[in-house]
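Visitor: Input: one structure, supplied below.
Readers should treat all values here as calculations from the given coordinates under stated rules, not as data from a laboratory. Everything numeric in this text was worked out from a predicted model, so none of it was measured. When we count neighbours, we look across all protein chains shown, and the Cβ atoms used for this are built from the backbone with ideal geometry, even at glycine.
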Ligand code: COA
Ligand code: MG
C-alpha cells in the first residue's frame with residue numbers, strides 16, 4: 001500500500017439511481033414507491049427553460065412533503081454557466097428541509113467549479129444552521145471534465161461519486177452517435193485476412209476508455225463511480241449488457257431513466273449468491289493458508305493470494321450492506 005491513505009466517501013448503496021424530472025410531479029410518488037437506491041430530482045436538462053422556476057418549487061415541496069423512505073435523495077442543479085444554478089442551490093437548501101442528502105453537479109469541468117458550489121453550499125448551510133452536510137455527485141460529461149477528472153475528484157470533502165454522462169460526453173467530444181449510451185456498429189475491429197477464411201467483425205465498447213478513466217479517478221479518491229443512462233428503456237437486454245460491462249470494471253451502479261431499469265440495475269450491481277459463496281471460500285482458504293504461513297495457495301486449481309482477500313472482502317462487505325438494506 002501507498003503511505004497515502006485514500007479516505008472513503010460516505011458509504012451509500014448506489015446500485016440504481018433514478019432520474020426524475022422536477023417538472024413531472026406525477027412521477028414523484030412512483031419514484032418514492034420504487035426499490036431504487038438513489039433518486040435525483042432534476043432541475044437541469046429534463047426540464048424545459050420555461051419550466052425551470054416551477055420545477056424548482058415542485059422539488060422543494062416534494063422534498064418536504066413526500067415520504068421517500070430510506071432512499072438517498074439528490075437534486076441535479078442547473079449548470080454553472082446558467083443563471084438558474086445559484087437559485088437552485090440557495091432555494092433548495094434554504095427551503096427544502098433536511099431530507100436532501102446530495103446535490104448533483106452537471107457538466108462539471110474544473111476543480112474550481114466544485115470549489116464554487118462548495119463555497120455557496122457552505123454559506124447556505126452555515127446561515128441556516130444545517131448540521132447535515134450535503135454531499136456532491138459530479139457528472140463527468142464533457143471533454144473538459146474528463147481532462148480534469150482527477151482534480152475534480154479531489155476538489156472537495158463533499159465529493160461522493162462520479163457519474164459518466166454518456167450523451168453530453170458524446171456531444172462534447174463530437175462522437176458520431178445520437179443515441180444515449182450503447183455501442184455503435186462502426187466502432188469495431190475486422191479480423192485480419194487469413195487466406196480465404198471468413199473474417200469476423202467484433203463490436204467494441206466505444207465508451208471503455210472514458211468509463212475506465214473515470215473509475216480510476218473515482219477510486220483513487222475514495223468516490224463511487226456510477227455509469228450513466230441507457231436511453232432505450234424498451235431494451236432490457238441492451239441495458240443489462242451495458243450495466244454488466246460497467247460493473248465488471250468497477251462501477252457501483254447505473255442510472256435508470258425509467259422505473260423498469262431499476263430492478264435490472266439492483267440485480268446486476270448486487271453480487272450473486274454464487275459470487276458471495278466463492279468469496280467466502282477464498283477468505284476461508286486464505287485464513288487457512290495464513291495459519292500455515294503461506295501467502296499464496298491454490299483453490300479449485302487457481303492461484304489465490306493476498307490480493308484475493310481484498311477482492312473477496314469487498315464482495316462479502318457489499319453483500320452484507322445489501323442484505324441489511
Ligand atoms: N420516474 C418515476 N416514474 C416514472 C419515470 C421516472 N423517471 N418514468 C416513467 N415513470 C412512470 C410513468 O409515470 C408510468 O406510471 P403509471 O404506470 O403509473 O402511469 C410508468 O412509469 C410507465 O411509464 P411509461 O408510460 O412507460 O413512460 P413515459 O412515456 O411516461 O415516460 C420518459 C418516458 C422517458 C419520458 C420518462 O421515463 C422520463 O421522463 N424519464 C426520465 C428522463 C430524464 O430524467 N432524463 C434526464 C437524465 S438522462
Ligand atoms: Mg447531461
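Visitor: Helix 273-291 versus the longest principal axis of the chain: what is the Cα-based angle in degrees, 0 to 90, to the nearest 10?
Guide: Around 60 degrees separate the two axes.
Visitor: Related question: Helix 52-65: angle to the longest alpha-carbon principal axis of the chain, degrees 0 to 90, nearest 10?
Guide: Long axis of 52-65 versus the principal axis of the chain: about 80 degrees.
Visitor: Now a separate question. Note down the nm distance, to one decimal, between modelled labels 7 Å out along Cα→Cβ at residue 29 and at residue 187.
Guide: With each label placed 7 Å out from Cα toward Cβ, I get 4.1 nm.
Visitor: In addition: Extending each Cα 7 Å along its Cβ direction at residue 125 and residue 154, get the distance between those two points in nm, one decimal.
Guide: About 2.1 nm separates the two model spin labels.
Visitor: Let me ask another. Between region 14-90 and region 131-161, what is the separation of their alpha carbon centroids in Å?
Guide: What the calculation gives is 19 Å, centre to centre.
Visitor: Give the average over all directions of the projected area of the C-alpha convex hull of the chain, one decimal, in nm².
Guide: Values: hull surface 82.9 nm².
In nm², the orientation-averaged hull projection of the chain is 20.7.
Visitor: Now, a different point. Using a/c under 1.5 as the rounded threshold, could you call region 151-307 rounded, prolate or oblate? The axes a ≥ b ≥ c are square roots of the C-alpha gyration tensor eigenvalues, and prolate needs a/b larger than b/c, oblate otherwise. Before the final figure, lay out each step's value.
Guide: Numbers: a/c = 1.88, a/b = 1.33, b/c = 1.41.
In terms of gyration-tensor shape, oblate.
Visitor: What is the log10 of I(q)/I(0) for region 1-128, computed with the Debye formula using one identical point scatterer on each Cα and no solvent, at q = 0.09, 0.15, 0.19, 0.21 Å⁻¹?
Guide: At q = 0.09, 0.15, 0.19, 0.21 Å⁻¹ the computed log10 ratios are -0.27, -0.71, -1.10, -1.30.
Visitor: Which FRET efficiency value, to the nearest 0.05, do you get for residue 45 and residue 281 by plugging their Cβ-Cβ distance into 1/(1 + (r/R0)^6) with R0 = 51 Å? Mind showing how you got there, number by number?
Guide: Working: r = 46 Å, r/R0 = 0.90.
Once rounded, the FRET efficiency stands at 0.65.
Visitor: Multiplying the sequence separation of residue 143 and residue 196 by 0.36 nm and subtracting their Cα-Cα distance, what value in nm do you get?
Guide: Working: separation 53, 0.36 × 53 = 19.08 nm, distance 4.26 nm.
Extra length available between residue 143 and residue 196 comes to 14.8 nm.
Visitor: Would you report the distance distribution of C-alpha pairs in region 274-324 as whole percents per 5 angstrom bin, up to the bin with the largest distance?
Guide: Pair shares across the bins are 4, 23, 31, 23, 11, 6, 3.
Visitor: Here's another thing I want to ask about it. Quick one: work out Rg over Rh on the C-alpha atoms of region 93-169, Rh as Kirkwood radius. Write out the running numbers ahead of the final one.
Guide: Working: Rg = 12.8 Å, Rh = 12.8 Å.
For region 93-169, the value is 1.00.
Visitor: Starting with the highest mean, order 298-304, 194-200 by the number of other Cβ atoms within 10 Å, averaged over the residues of each peptide.
Guide: Most protected by this proxy first, the peptides run 298-304, 194-200.
Visitor: What is the helix-to-structure angle for 85-95, meaning the angle in degrees between its Cα long axis and the longest Cα principal axis of the chain, kept from 0 to 90 and rounded to the nearest 10?
Guide: With both axes taken from Cα atoms, the answer is about 80 degrees.
Visitor: Starting from the Cα gyration tensor of region 1-68, take the square roots of the eigenvalues, sort them a ≥ b ≥ c, and report rounded, prolate or oblate (rounded when a/c is under 1.5, otherwise prolate if a/b is larger than b/c, else oblate). Please list the in-between numbers first.
Guide: Working: a/c = 2.89, a/b = 1.96, b/c = 1.47.
Note, shape of region 1-68 comes out prolate.
Visitor: Right, here's the next one. Starting from 0.36 nm per residue, how many nanometres of slack lie between residue 57 and residue 320 once their C-alpha separation is accounted for? Present the calculation step by step, with values, prior to reporting the outcome.
Guide: Numbers: separation 263, 0.36 × 263 = 94.68 nm, distance 3.80 nm.
Extending this stretch completely gives an extra 90.9 nm.
Visitor: Hey, fewest Cβ within 10 Å first, where do 281, 213 land in order?
Guide: Values: 281 14, 213 17.
Starting with the residue having the fewest Cβ neighbours, the order is 281, 213.
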